[in-house]
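Here the structure is laid out as structure tokens; the discussion comes afterwards.
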Amino acid sequence: MNGAELEKTELAYLLAILEASGVVGIEDPALFPVKTPERDKTYGEGRKKLESNGWLKPSADYPDEYELDVFLLEMVAIIAAPENIVATVSNGNKKAGQMVMHYLSNGAIVELSAQNAKGYTIGVVPDQKALQARVAEMLGVAGKRKAVRFSLDQDALNDIRSLSKKGEQEEAKALLEATQLSGPAKNSFVAAMGESEHGQIVVIRPEAGEIEAGRRSTLYGADKTAWLVSRSSSDSTELEVRNGDVAGIGKLISERLKELSTG
């Protein structure tokens, strides 16, 4: 992935150049200093670091002027004003989930993640196929399975999760009779429902730097036995369930992006 590692002051300086007032999905006051002394210090340090890291160079044609790397500035511009966002949260074995953001605009996709407490990693994802592979990798999903998709009421899911966690697998599987799932699929789904949430995929439509609309899907299970659960609509108690392999993740993201684009 072509990109850069930026300290917070560098990213803050670039966002200031673009007159961005926020980054959807990122709550980091260090990127948007409020008081004048703090702004002067942050932007001054950010400019110096961009120059020392080769992103800001003296102009070859105009004395006393500098040129900012166009590739870097374009990436940050997409982050500052995207058309859509895909946020992936992986719980893994950590108490606090790890989040990776993907910002989409005019076919371009830029990834942003916290590198450490001091900075961020930013890079270009070449296409939608690479995006779905990256999200799957983040969630620990692998393999390809026959596409499975069915509906389930929220109460039924709650009962299945409760029974599975207590080890009452057969009772849990009995609640899936109406879905006509195969035996192996039932076993996989019930086992996954007995686990904690493994992660989430949230597809967002922003407006003026705020979240205008979004759809959330939760991943249960991992590797070759992962399942994605979403509400059929934002205000529905009916749930949509599909297998959470790489293709399933790609299909989910594509459908959500299309749904949000039509509002």
Next item on the list: Being modelled with pLDDT under 95, assigned to a helix (DSSP H, G or I) and not charged (D, E, K, R) narrows it down to one of A96, A133, A114, so name that one.
Entry: A133
Notebook entry, point to check: For region 1-93, which strands (runs of 3 or more DSSP E) that fit wholly inside it have 1 or more residues that are surrounded by 13 or more Cβ atoms within 10 Å (Cβ to Cβ) and among the polar types (S, T, N, Q)?
Noted result: 84-90
Notebook entry, point to check: Which is out of contact with any Ser or Thr (no Cβ under 9 Å at 6 or more places or on another chain) and within 26 Å of K258 (Cβ to Cβ), of S233, S164?
Noted result: S233
Next item on the list: Please tell me if R161 is farther than 19 Å from W227 by Cβ, of a type outside the set (A, V, I, L, M) and outside the structural domain of K49 (by TED's automatic domain parsing).
Entry: no
Next item on the list: Pairs only if they're at least six apart or on different chains, beta carbon under 7 angstrom, first in region 242-263 and on the phi > 0 side of the Ramachandran plot and part of a helix (DSSP H, G or I), second of a type outside the set (F, W, Y) and modelled with pLDDT of 90 or more; list them, first residue then second.
Entry: none
Check: Quick check: anything in region 55-71 over 16 Å from A114 (Cβ atoms), polar (S, T, N, Q) and touching a helix residue (DSSP H, G or I) at 6+ places or on another chain (Cβ under 6 Å)?
Finding: no
Notebook entry, point to check: Which of the residues spanning region 4-39 are among the small types (G, A, S) and in contact with a helix residue (DSSP H, G or I) (Cβ under 7 Å, 6 or more places away or on another chain)?
Noted result: A4, A12, A16, A20, A30
Notebook entry, point to check: How many residues does region 189-219 hold that are touching a strand residue (DSSP E or B) at 6+ places or on another chain (Cβ under 8 Å) and acidic (D, E)?
Noted result: 3
Check: Residues of region 200-220 being farther than 19 Å from Y103 by Cβ and surrounded by fewer than 22 Cβ atoms within 10 Å (Cβ to Cβ), which ones?
Finding: T218
Checklist line | Whichever residue in region 156-185 is charged (D, E, K, R) and exposed (fewer than 11 other Cβ atoms within 10 Å of the Cβ) and, among such residues, is modelled with the lowest pLDDT | finding: E177
Item checked: Residues that are over 14 Å from V148 (Cβ atoms) and surrounded by fewer than 19 Cβ atoms within 10 Å (Cβ to Cβ), drawn from region 186-199 -> A191, E195, S196, E197
Margin query: Taking the condition of being in a strand (DSSP E or B) and of a type outside the set (D, E, K, R), how many residues in region 188-216 meet it?
Written below: 11
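The values are calculated or read from the model by the stated rules, or taken from the named source; none is laboratory data. None of these values were measured; they are calculated from a predicted model. As a convention, Cβ positions derive from the backbone with ideal geometry for all residues, glycine included, and neighbour counts pool all protein chains shown.
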